[in-house]
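In what follows, a structure is listed as structure tokens, so that the remarks can point back to it.
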Amino acid sequence: MRYKESSLGIFYVILSAVLFGTMPLLTRIAYAHGSNAYSVAFGRFFFGGLVLGIVCLALPGCSIKISRAQFLTLLKLSVPYALTPVLLYASYAYLDSGMATTLHFTYPVAVILILAIFYRVRPDARQILCTVLCAGGMALLYTPNGQVRAEGILFAVASGILYAIYIVLLGKSDIGKLHSLVLGFWISFLSAAEIGFLSLLSQNLVFRLDRTGWAAEIGLALSATVLGLVLFQKGVFLCGEVKASLFSTFEPLTGIVIGAVVLHEDLTAKELAGIIGILAAAILLVIPIRKTKNAP
């Protein structure tokens, strides 16, 4: 994989992580104005998929038509992607959001393990070191608050494992040949259908929002789905599954910065150390390795 392509992929992943980092703020606004976890997840994918479909149809040479084989691949990708936010949001009922997010963001480790076990791809020493730094940084970002229950730990860890499965399946598929807008549309459409079905079964789908709530839902769809999803998918294909999963840890950093700047939340020394750990891992991961003249 060429260095320039990998660097571009890393840029896409970081940019997508920053956009995903706006989700806690927009979700909090939507909750305060009549929405809930299932409705936020459904609205994010439904409205995002709708915008992607309209843009794709408006562009010359872009069609949402896909083959049966491509549909089956996208369906397989959408299941873990759709279940990830459902399980993560479910964990909030048993854990505080900080611990749930920390457990969810162990998925870079899950990506490395899945690649090693099922694809015989062994991580190098630098990737292992960066994973340790990221895991340590995420642990420092967590501030204990509230009761810890086994169900919440199970849901949060499961959400991370499912997201790792999605990343690996995406990177190993040949679906990257599709236009990025088409890929984003189908993933969003299928995810919305699956979450909508689960929400109707559990009677959790509600849309009694005021204007502010709808604005938050649409903003979430535009930032996390229309832009964030498309950029992350492009990034995975360019820089690989391991790097994409590690650089996506910029998402909680964005949430902390937004909390400090917009919500005027205090930034503790512990959180600052966690941020430094994650940034150190990112810098270490992008530094090119110079081969010696005798190297094969």
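Quick note: the coordinates plus some simple rules give every number you see, no bench work behind them. Since this is a predicted model, take the numbers as computed values, not measurements. Note: ideal-geometry Cβ built from the backbone for every residue, glycine included; neighbour counts use all protein chains shown.
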**OP:** For the stretch 122-217, count all C-alpha to C-alpha pairs, find those more than 21 Å apart, and express that count as a whole percent of the total.
**Re:** 63
**OP:** With springs connecting C-alpha atoms under 10 Å apart, model the chain as a Gaussian network and identify which of Ala269, Ala90, Ala158 has the largest mean-square fluctuation.
**Re:** Ala269
Subject >> Close Lys-Lys pairs in the chain, where close means Cα under 16 Å and separation is 8 or more or interchain >> reply: 8
Subject >> Ellipsoid equivalent to the stretch 1-122 - semi-axes via the Cα gyration tensor, in Å >> reply: 26, 24, 17
Original post:
Which of these, Ala224, Ala116, Ala281, has the largest mean-square fluctuation under a Gaussian network model of the chain (Cα springs below 10 Å)?
Top reply: Ala116
**OP:** Quick one: what are the phi-derived ³J(HN,Hα) couplings along the stretch 100-113, Karplus 6.51/-1.76/1.60 with θ = phi - 60°, whole Hz, x for glycine and proline?
**Re:** 4, 5, 4, 5, 4, 7, 8, 5, x, 5, 5, 4, 4, 5
Original post:
Tell me, what HN-Hα J-couplings in whole Hz come from the Karplus equation 6.51 cos²θ - 1.76 cosθ + 1.60 at θ = phi - 60° for each residue of the stretch 266-273, using x for Gly and Pro?
Top reply: 6, 9, 7, 5, 5, 5, 4, 5
Original post:
For the chain, what's the relative contact order in percent, using C-alpha pairs closer than 8 Å and at least 6 residues apart?
Top reply: 42
Original post:
Any idea how far apart Ser7 and Tyr119 come out in nm if each label point goes 7 Å out from Cα toward Cβ?
Top reply: 2.4
**OP:** May I ask you to evaluate 6.51 cos²θ - 1.76 cosθ + 1.60, the Karplus curve with θ = phi - 60°, for each residue of the stretch 196-206 and list the ³J(HN,Hα) values in order in whole Hz, giving x for glycine and proline?
**Re:** x, 5, 5, 5, 5, 5, 8, 6, 10, 8, 10
Subject >> Inter-label distance, nm, simple model (7 Å from Cα along the C-beta direction), Ile283/Ala93 >> reply: 4.4
**OP:** Over the stretch 3-286, consider all pairs of different Cα atoms and compute the Kirkwood hydrodynamic radius from their mean reciprocal separation; express it in Å, one decimal.
**Re:** 19.1
Subject >> Point-to-point label distance, Thr268-Asp210, nm (Cα→Cβ direction, 7 Å offset) >> reply: 3.4
**OP:** Please find the FRET efficiency linking Ala32 to Ala58, where r is the Cβ-Cβ separation and R0 is fixed at 30 Å, and quote it to the nearest 0.05.
**Re:** 0.30
**OP:** With springs only between Cα atoms under 10 Å apart, run a GNM on the chain and tell me which of Ala216, Ala273, Ala150 wobbles the most.
**Re:** Ala150
Original post:
What does the charge count near Gly137 come to, summing +1 for each Lys or Arg and -1 for each Asp or Glu among other residues with Cβ under 11 Å from its Cβ?
Top reply: 0
**OP:** Could you tell me which of Asn204, Ile128, His104 has its Cα farthest along the dipole of the stretch 89-220 towards the positive end, charges placed at Cβ (Lys, Arg +1; Asp, Glu -1), taken about the Cα centre?
**Re:** Ile128
